[in-house]
């Protein structure tokens, strides 16, 4: 049986149903399908992720259906193309170069987009500056608008009482918060600048 | 290591600390000189002086904390400068640096 197949040019290591020149015979078709283990398809890159193939005794359901060899052959992945498949080559493990050939090409390492995060950070910093200086200015304006009103000293103030109350109660904390905000922002920028200077010094060092 | 070298923000912090401290102390001393009371109807100049005194009363409250915070911030900037920029570096930055070195 095997001699006749080798005469047909069929490699005995693989399932003859999927080889060129195979002529199915009614008496050997079922037996070959049951006895022959499924072909080992080499997928080195995804081998770890795939489930373990079934043992030779337990065949997958696709091998039991031997009546449609052509359709099943479409489902079997093609083995890697080698320049020459010899007996010695088949026993050798797949080299890392061949594995790399099946790996998906890694995308080229793109340079880190530094400009966009810097721009976003700068926007937030500008917003913080606006809030801090705005609090400082609003507090000063509130206080001065009430303190500079002459009518207040005569008991005939034209300013809204709510604004007057806000000037005495809200203006000092507003100015304090604005001043503290300015200090925090300045400190943050100074620390960043100090780090950048240190980095520049390290790169300039031979 | 000089924290003010090539660091205009640190210089601004120092200026802010000194200014806030001087303003707070000056306002306090001016107010300690006494606020005059007027039995008659005050003139415009006297009203301006009253308004200025009220403004001075508000100055020491915000300026003294700002001055103290600015000094603390300067100390932090000095510490970061002395550590060569490594003080306070986050985990993400360290990981980024180690990734660069591994490459």
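Just so it is clear, none of the values below were taken in a lab; they were calculated from the coordinates. Everything quoted here is computed from the prediction, not taken from an experiment. Here Cβ is always computed from backbone atoms with ideal geometry, including for glycine, and neighbour counts include all displayed protein chains.
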- Arrange B:95, A:17, A:150 by Cβ neighbour counts within 10 Å, fewest through most, would you? B:95, A:150, A:17
- Item | Reciprocal of mean inverse Cα separation for chain B (Kirkwood radius, Å) | 17.3 Å
- In nm, to one decimal, how far is the modelled label at residue B:100 from the one at residue A:204, with both set 7 Å along Cα→Cβ? 1.7 nm
- In nm, the gap between the two label points placed 7 Å beyond Cα toward Cβ at residue B:26 and residue B:75 is 2.7 nm
- Message: Can you compute the FRET efficiency between residue B:83 and residue A:14 using 1/(1 + (r/R0)^6), with r the Cβ-Cβ distance and R0 = 51 Å? Round to the nearest 0.05.
- Response: 0.20
- When a footprinting reagent is the concern and you count Cβ atoms within 10 Å, what order do B:53, B:1, B:58, A:175 take, fewest first? B:1, B:53, B:58, A:175
- Task: Fewest Cβ neighbours within 10 Å first, please rank B:6, B:100 accordingly.
- Result: B:100, B:6
